[in-house]
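Note sheet for the following structure.
Please treat every number below as a calculation from the coordinates, not as lab data. Please read these numbers as outputs of a predicted model, since none were measured by experiment. Note: ideal-geometry Cβ built from the backbone for every residue, glycine included; neighbour counts use all protein chains shown.
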Amino acid sequence: MKLTLTGTASGIPVAGRRHSAALLEADGSMLLLDAGEGVSTALLEAALPSEALTAVCITHTHADHVSGLPMLLQGLHLTGRLSPLDILVPTGREDWFRAWLTGMYIFPEKWSFPVRLHPLEETRFANGALRLLPIPNRHLERVRDLAAQHGIPAQCFSLRFEHGDSSLLVSSDIAGIADVATHAGRSDVLVVDATHVPLTEITALADTYPSLRIVCTHIPPELESDLLRLASELESAYGARIRFAYDGMYIELEREKAWK
């Protein structure tokens, strides 16, 4: 598995970072994990062919995780994609996505490729070699009652991937490290939300699981000016086990567990 972080900002727009998105590659399958603003440009810079994406996995519908999806679909259409694109969305939100895309004139009758909406659930890719396991978390718990008043569920998911002997956990947005701690202990790499989780909780998890490598993403603006100092302190205490993410950072889990 290779994970490339194409967007590492928090929900606040900043210069130098795109919003939440990552590309996961394994055995010829390529998954886009969330589709925040700027994802289309990131894929262009990576020189990906229009047919490269296998599926898109949306963890929740906050704008910084989903606002780039219509532009991505438009770009793939205008560059001639023909093969179907599967989009996995939180269960019960398929009709909302369908209406949202229809409102932007993304009609099945005129699109160059089928856009297929599915519930985000356990799925296998790469001829069964790559397993996706969505894990519900508490990020949207605080708006659950209000969301119900508006007739929508308050769902957010972390994503665990298993491929051969390697495992990756992408937290997406969470309410605290407890949302992913159990699964993190069974993972090689954790990509974790650094906006809603204090650094002390992240280092405590690293202390609990000494073999776990951690990448802190979803970087809030208030951390930006302090990243060099914090990175230096973490390196002194943990070596390369805890890193701060940047757009374009990648992790290769099977190749001597390298990252750059």
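Overall, the chain carries a charge dipole of about 280 debye about its Cα centre when +1 sits on the Cβ of Lys and Arg and -1 on the Cβ of Asp and Glu, all other atoms neutral.
Helix-derived [θ] at 222 nm for the chain: sum -39500 (n - 2.57) over DSSP H runs of at least 4, divide by residue count, nearest 500?
-6500 deg cm²/dmol
Computed about the Cα centre, the dipole magnitude for region 30-152 is approximately 140 debye when only Lys and Arg (+1) and Asp and Glu (-1) carry charge, each at its Cβ. Match the structure shown to one of the listed values (1) 57, 44, 36; (2) 57, 37, 36; (3) 48, 45, 36 of Cα extents along the principal axes in Å, computed from it, and give that label. Evaluating Cα extents along the principal axes in Å on these atoms matches (1).
Backbone phi angles across region 202-212, fed through the Karplus curve with coefficients 6.51, -1.76 and 1.60 (θ = phi - 60°), yield HN-Hα couplings of 5, 5, 4, 5, 4, 5, 6, 10, x, 8, 7 Hz in residue order; Gly and Pro are listed as x. Highest average first, the peptides 48-61, 88-101, 18-31 ordered by how many other beta carbon atoms sit within 10 Å of their residues are 18-31, 48-61, 88-101.
Charged side chains reduced to their Cβ positions (Lys and Arg at +1, Asp and Glu at -1) give region 136-197 a dipole of some 180 debye around its Cα centre. For region 1-63, the Cα gyration tensor yields ellipsoid semi-axes of 20, 13, 10 Å (square root of five times each eigenvalue, largest first, whole Å). List the trypsin sites (Lys or Arg not before Pro) in region 102-190 that DSSP assigns to loop (not H, G, I, E or B) and whose Cβ has at most 10 other Cβ atoms within 10 Å. Which are they? Counting only loop positions with at most 10 other Cβ atoms within 10 Å, the trypsin sites (Lys or Arg not before Pro) in region 102-190 are LYS110. With N counted as the residues of region 52-202, its alpha-carbon radius of gyration over 2.2 N^0.38 Å works out to 1.12. Compared with the dominant Cα axis of the chain, that is its longest principal axis, helix 69-78 is turned about 50°.
Looking at the chain, send over the antiparallel percent of its DSSP beta bridges, to the nearest 5. Percent antiparallel among DSSP bridges in the chain is about 55. Listed values for region 193-198 are Karplus-derived 3J(HN,Hα) couplings in whole Hz (6.51 cos²θ - 1.76 cosθ + 1.60, θ = phi - 60°), namely 5, 9, 8, 9, 10, x, and x replaces Gly and Pro.
Each residue of region 229-242 was assigned a 3J(HN,Hα) from its phi angle through the Karplus curve 6.51 cos²θ - 1.76 cosθ + 1.60 (θ = phi - 60°); the sequence is 5, 5, 4, 5, 5, 5, 5, 5, 8, 10, x, 9, 6, 10 Hz, with glycine and proline shown as x. Near ASP188, the amide H atoms lying under 5 Å from its own belong to SER167, LEU168; only residues 5 or more places off or on other chains count, and H is placed 1.01 Å from N. With an a/c value under 1.5 for the gyration tensor axes a ≥ b ≥ c computed over the alpha-carbon atoms, region 1-126 is described as rounded.
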